[in-house]
Amino acid sequence: MPELTLVLDQKSIAEKVAALAKQISSDYRNADLVVIGVLKGAFVFMADLIRHLNIDRMTVDFIRLASYGDKDHSNGHIDLLKDAETDLKGKDLLIVEDILDTGLTLAFLRDHLKSRQPRSVKACVLIDKCERRQVDIKADYVCHKVKEGFLVGYGLDYGEAYRNLPGIYHLNFNA
């Protein structure tokens, strides 16, 4: 049985999400914003984030990609399982992702969404983890940075398990 080590507790996450939402609200106060959540991992983070946003013209959509499956590492191939349904042309897009790890998924997603002719595309991530970064890509908004480790909780999973944990934990496979 893997061991869980707390990285970020529920209160700390809530404070970071609220602060990030305040910044995003300021940056997009006059925008026609489409917040695009990446399923499944970002749904908890996105729900908390959008409840804190103070933006008049905001819509929500989802996209679903796959690259991990039930493994603890990306297979390097990105599959588009569900595309955004909103007309994105001329709109400001904010991608909400659970974790920026290798960068392959976010790079793929930015390129894909740019082909839909939005006004702008920015990314907001819960966790920025540079340990395995393979492409030079950065998120515009980051809740928390970690150096390494496999993380679960608050929407992050391992083989669909652990999403329901209220905090973020390092999953130690060697325990």
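Loop-located GluC sites (Glu not before Pro) in the stretch 78-142 (DSSP state other than H, G, I, E, B) with a sparse environment of at most 13 neighbouring Cβ atoms within 10 Å: Glu85, Glu131. The count of lysine pairs in the chain whose Cα atoms are under 19 Å apart, excluding pairs fewer than 8 places apart on the same chain, comes to 26.
In percent, rounded to a whole number, the relative contact order of the stretch 10-147 is 23, using alpha-carbon pairs under 8 Å and six or more apart.
A Förster radius of 41 Å, combined with the Cβ-Cβ distance separating Arg132 from Asp56, puts the computed FRET efficiency at roughly 0.60. Were the residues from Phe173 through Val142 laid out at 0.36 nm apart, the gain over their Cα-Cα distance would be 8.5 nm. Stokes-Einstein diffusion for the chain, with the hydrodynamic radius set to the Kirkwood value over Cα pairs and evaluated at 20 °C in a medium of 1.002 mPa s, equals 131 µm²/s. Full extension of the segment from Lys82 to Ala66, taken as 0.36 nm per residue of separation minus the current Cα-Cα distance, would add 4.8 nm.
Relative to the current alpha-carbon distance between Lys22 and Glu160, full extension at 0.36 nm per residue lengthens the span by 46.6 nm.
Coordinate-derived values only; no laboratory data. These numbers come from a predicted model, not from an experiment. We place every Cβ from the backbone using ideal geometry, glycine too, and count neighbours over all the protein chains shown.
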